[in-house]
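**Q** Take this structure first; my questions come after.
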Amino acid sequence: MTSKPQDLAPGEYLSPTEYIDAAHPQVRAFAEDAARGAQTPIDVARTLYVAVRDAIRYTPYADLTDRESYRASSCLAAGRGYCVGKAALLAASARHLGVPARIGLADVRNHLTSVRLRELMDSDVFYYHGFAELYLEDRWVRVTPTFDARLCRRLNVSLLEFDGRHDALFHRYNSAGQQYMEYLRYHGSWQDVPVEMLMAEMRRLYPRMAAAAPVDADFAAEVRSA
């Protein structure tokens with residue numbers, strides 16, 4: 001898979017790929033169950049978004065040097081994942097149900113994090129944050145299913161809602177008016193997760209985190225006490 005952004009025809013974003021493995025039996029079952037009763041592509045996209053957002057617990061402590069951290073079916077099997085894995089799962093689920101989908105990457109600054117994560121990253125910038133792009137009503141819509149409902153409650157942040165027609169990225173502020181996340185740079189979009197590039201960049205940008213043993217921690221509990 002190329003490390004360069006791609007801009008292909010929408011139909012090119014329907015087939016399964018190595019990491020957006022839309023043909024995986026568990027991914028197919030997850031998508032079909034989540035979108036049962038949905039009547040339109042917009043309805044399908046909205047129900048899939050909520051399912052991935054809340055059924056898969058967000059953790060920033062995925063092993064970013066392990067290919068499985070980026071694969072949709074592996075994220076689903078684990079029941080947790082970080083932004084790219086969750087975005088891959090949303091894209092794979094959408095593709096299975098006929099909605100063209102791809103991966104977008106951007107750098108974001110996170111002003112609300114945990115002490116442990118800040119020390120491991122040596123930064124408040126999350127480089128190559130992953131989100132999904134869905135082709136709906138003849139246009140690409142950006143949406144991030146990263147933060148689940150439990151984590152939002154801990155952060156005192158309203159759930160990020162998605163209407164299927166407008167971009168749904170990150171809240172700029174929490175309910176107390178504190179700046180939460182800001183987008184710094186968009187890198188582009190890909191047909192499949194550019195895993196080789198991401199693993200190399202994670203080692204370069206977060207050497208301490210990449211070298212550390214995997215952390216088995218409840219990130220939602222950490223941010224509440226941070």
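The values are calculated or read from the model by the stated rules, or taken from the named source; none is laboratory data. All figures in this text were calculated on a predicted structure; none of them were measured in a lab. FYI the Cβ positions are ideal-geometry reconstructions off the backbone, even for glycines, and counts take in every protein chain you see. Side chains are part of the model used for accessible areas, which takes the heavy atoms of the whole protein and leaves out ligands, DNA and RNA. Shrake-Rupley method; radii C 1.70, N 1.55, O 1.52, S 1.80 Å.
**Q** How much mean residue ellipticity at 222 nm does the chain get from its helices, if each DSSP H run of length 4 or more adds -39500 (n - 2.57) and you divide by all residues, to the nearest 500 deg cm²/dmol?
**A** -10500 deg cm²/dmol
**Q** Still on this structure: Express the carbon and sulfur contribution to the solvent-accessible surface of the chain as a percent, rounded to the nearest whole number, probe 1.4 angstrom.
**A** Summing carbon and sulfur atoms, their accessible area is 46 percent of the total for the chain.
**Q** Next question. How long are the three semi-axes of the equivalent ellipsoid of the chain, in whole Å, if each is the root of 5 times an eigenvalue of the C-alpha gyration tensor, listed from largest down?
**A** After scaling each eigenvalue by five and taking roots: 26, 20, 16 Å.
**Q** What accessible area per residue, rounded to a whole number of Å², is obtained for the range 1-124 using a probe radius of 1.4 Å?
**A** In whole numbers, the range 1-124 has 41 Å² accessible per residue.
**Q** How much FRET efficiency would the formula 1/(1 + (r/R0)^6) give for residue 208 and residue 4, where r is the Cβ-Cβ distance and R0 is 25 Å, rounded to 0.05?
**A** The formula returns an efficiency of 0.30 here.
**Q** Net charge within 9 Å of residue 85 by Cβ-Cβ distance, Lys/Arg positive one each and Asp/Glu negative one each, not counting residue 85 itself?
**A** Charge balance near residue 85 sits at +2.
**Q** Roughly what would the spin-label model give for residue 200 and residue 163, points 7 Å off Cα along C-beta, in nm?
**A** 4.2 nm
**Q** Considering the chain as a Gaussian network with a 10 Å cut-off on Cα pairs, which listed residue, 158, 74, 93, attains the greatest mean-square fluctuation?
**A** Comparing 158, 74, 93 in the GNM, the peak value goes to 158.
**Q** Another one. Net charge near residue 40, counting Lys/Arg +1 and Asp/Glu -1 over other residues with Cβ under 10 Å of its Cβ?
**A** Overall, the nearby charge balance is -1.
**Q** Still on this structure: Based on the Kirkwood radius over alpha-carbon pairs, what is the Stokes-Einstein translational diffusion coefficient of the range 26-108 at 10 °C with 1.306 mPa s viscosity, in µm²/s?
**A** Rounded, D is 125 µm²/s.
**Q** Taking the Cα centroid of the range 47-107 and of the range 135-163, what is the distance between the two, rounded to the nearest whole Å?
**A** Each part's Cα centre sits 13 Å from the other's.
**Q** Run the dipole for the chain about the Cα centre, Lys and Arg Cβ at +1, Asp and Glu Cβ at -1, nothing else charged, and hand back the magnitude in debye, nearest 20.
**A** The calculation lands at about 440 debye.
**Q** Let me ask you something else. Tell me, what HN-Hα J-couplings in whole Hz come from the Karplus equation 6.51 cos²θ - 1.76 cosθ + 1.60 at θ = phi - 60° for each residue of the range 147-154, using x for Gly and Pro?
**A** Here the 3J(HN,Hα) series is 8, 6, 4, 5, 5, 4, 5, 5 Hz.
**Q** Identify, among 78, 11, 89, the residue whose Cα sits farthest towards the positive end of the charge dipole of the chain, taking +1 on the Cβ of Lys and Arg and -1 on the Cβ of Asp and Glu, with the dipole about the Cα centre.
**A** Value: 78.
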